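In what follows, a structure is listed as structure tokens, so that the remarks can point back to it.
We did not get these values from a lab; they are worked out from the coordinates using the rules stated. Given the structure is predicted, the values throughout are model-derived calculations rather than measurements. Every residue, glycine among them, receives a Cβ derived from its backbone with ideal geometry; neighbour counts consider all protein chains shown.
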Amino acid sequence: MKKILIIEDDQIVSNVYRNKLTVEGYQAEVALDGETGLKMMRTFQPDVIVLDLMLPKMSGVEVIKQIRSEADFSKLPIIVFSNTYLTNLIQDAWKAGATKCVSKINCPPKELLELVRRTVVGGVVSPALPKTEGVPVTKPAPVVSEADAEFQAELRKTLIASLPATLVALRAGLQSFIKSDTEVAQLKHIHELYRRVHAVNGNASIAGLVPIAHLAAALEALLKELYENPKNINSSTLRTVAATVDFLGFLFEHGTRPDKQEIPPASILVVDDEAVSRRAIIYALEKAQLQSVSVEDPNAAFKLLTENNFDLVFLDVDMPGMTGYELCTKLRNLPLHKKTPVVFITILSDFDSRTSSMMAGGNDFIVKPFLFIELTVKALIHVLRGKLQPAK
Amino acid sequence: MKPPPINNDETTSAAPTAPSPKAGAPAPAVEVLPVEMDRLNDLTDGNADSLRELVDLFFKQTTQQLAQLEAAVRANKAEEVRRVAHSCVGASATLGMTRFVPLLRELEKQGASGTLTTAAQVYEEAAREFKLIQNFLAAQLNPATPPDAAHS
């Protein structure tokens, strides 16, 4: 019997994985933190490790480094669960020696089973077989059965029932963070909020609640950034965190229907006269797989807006020929864009001109230099709200 | 104070305690690098090609903007100084050009005030800083390239 060690701090997630693996005939054990995981590895001698990157006591990357430093485990397959928005961390995991990095959001329990099966058969544990991804497996292919669907539906039902209490806890955590009067208290409350959001991400991922999992993953990455770089805590990032917690409440109410479990394709327009900022915005949107069209000339942008539907518009404020405010006022007169969300991107000194942005018909603004993940989070909120808003 | 990397420790407080400064001890000098590489790497997801593309774009755009700034300062065109410096600040701040941004902000401020009192001097500092950024990024992107030979 092949042995799988799961190193994952979320007890719900780890138990779901363990149960699924056990039912499939594996011997699975769980460690709730990295240090315990390393100790168990030495005694349990697993064939595969399934590792969450965000762990207590010792980070997932440190765990990988330690595993690779021990001769007996230097080639042990390690499947890493990561947050798709923490790209630097994923790079670090690869460099440290991860065998496979997968996003929790894209890896519900049955996908994990398939991945483990392929790794066990094609991985280092069976040297006679090639390690190549996608080799035919000798075990029967996973049966995507009614049982799987029922299992997922049951998970989802349980999680949905707990969402109101989760929202109360998130709001309480947000209030504590916002009201913190010292940096030490602020960091403590960010960390607590981060932990709650991390749990929401993990639970929503295994339950297949895709929009909730995506937004929670993005918020988790933003909170991690703020915790590790407190200089980035400002009125803009605080507003974004608050808006995201608020929008999670919206998703808890409107984003759990089975037919809403995907990130819908969206059309986004970026208008900025300066090429580097345009490119930065496009990269930030791509983190959430959001495609965009960008233009430097506000008049060309207005022509595009006249002829096309967009789900979201990012506007620089200070542009030659026509300011972002003027462009926004004009687009509000177009029948297509009376309600299209418009987010102004403004440098810090413009931040007090929020009245101008609202008067022009803007919905939101973000301060340059923006955190890329902050822009990603804002884009996700506006796109998802537009797609999931109940028709009136 | 930079906190330790985030983790999910249930058992210990995440909030680090600030060390007590020693009485009379001078604060240690912290070297500020010209570019926050973490920021650039985060934006480009560690992809070397994307990073190179973005850096090339920044060099090209900023070279043009500095030329415009120099001309505007010489011609004492305050509004032009404000406009170009403002645009340059946006890109430079977005990409984490830590020491370059305050100089551009000063030029923007003087331009907005209509009085370019020390603008020529600030421009010279900004141009020097941009050269340092070019050398720094060239070394990051291609460690084998002698810094002074890059993007000169």
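Structure values in brief
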quantity: Calculated [θ] (222 nm, deg cm²/dmol) that DSSP helices of n ≥ 4 give over chain A, each run adding -39,500 (n - 2.57); calculated: -17500 deg cm²/dmol
quantity: In Hz, Karplus ³J(HN,Hα) per residue of the range B:118-127 (6.51, -1.76, 1.60; θ = phi - 60°; x = Gly, Pro); calculated: 10, 4, 4, 5, 5, 4, 4, 4, 4, 5
quantity: Inter-probe distance in nm under a simple model that places probes 7 Å from Cα toward Cβ, at residue A:242 and residue A:88; calculated: 2.7 nm
quantity: Principal axis box of chain A, alpha-carbon based, largest edge first, Å; calculated: 69, 47, 40
quantity: Phi-based couplings in Hz for the range A:356-373 (Karplus 6.51, -1.76, 1.60; Gly and Pro marked x); calculated: 4, 5, 6, 4, 7, x, x, 9, 6, 8, 9, 9, 7, x, 7, 6, 4, 5
quantity: Neighbourhood charge, 12 Å Cβ-Cβ cut-off, centred on residue B:84 and excluding it, Lys, Arg +1 and Asp, Glu -1; calculated: -4
quantity: R0 of 51 Å, Cβ-Cβ distance residue A:72-residue A:160: FRET efficiency to nearest 0.05; calculated: 0.70
quantity: Diffusion constant of the range A:187-313 at 20 °C, which comes from Stokes-Einstein with the Kirkwood Cα-pair radius and 1.002 mPa s, µm²/s; calculated: 130 µm²/s
quantity: Residues with amide H under 5 Å from that of residue A:314, placed H, sequence gap 5 or more; calculated: A:269, A:270, A:271, A:343
quantity: Under 5 Å, built H, 5+ apart or other chain: amide partners of residue A:47; calculated: A:3, A:4, A:5
quantity: Distance (nanometres) between label positions extended 7 Å along Cα→Cβ at residue A:299 and residue A:150; calculated: 6.7 nm
quantity: Ratio of the Cα radius of gyration of the range A:147-259 to 2.2 N^0.38 Å, where N counts its residues; calculated: 1.11
quantity: Kirkwood Rh, Cα atoms: Rg over Rh of the range A:263-388; calculated: 0.92
quantity: Nearest-ten-degree value, helix A:298-307 long axis tilted from longest Cα axis of chain A; calculated: 80 degrees
quantity: Per-residue HN-Hα couplings for the range A:275-286 [Karplus 6.51, -1.76, 1.60; θ = phi - 60°; Hz; x = Gly/Pro]; calculated: 5, 5, 5, 4, 5, 4, 5, 4, 4, 5, 5, 5
quantity: Total lysine pairs whose alpha carbons fall under 23 Å of each other in the range A:256-351 (8 or more apart, or interchain); calculated: 7
quantity: Chain lengthening between residue B:121 and residue B:79 when straightened (0.36 nm per residue, less Cα-Cα); calculated: 13.3 nm
quantity: Folded to 0 to 90 degrees: helix A:146-179 orientation relative to chain A principal axis, Cα; calculated: 50 degrees
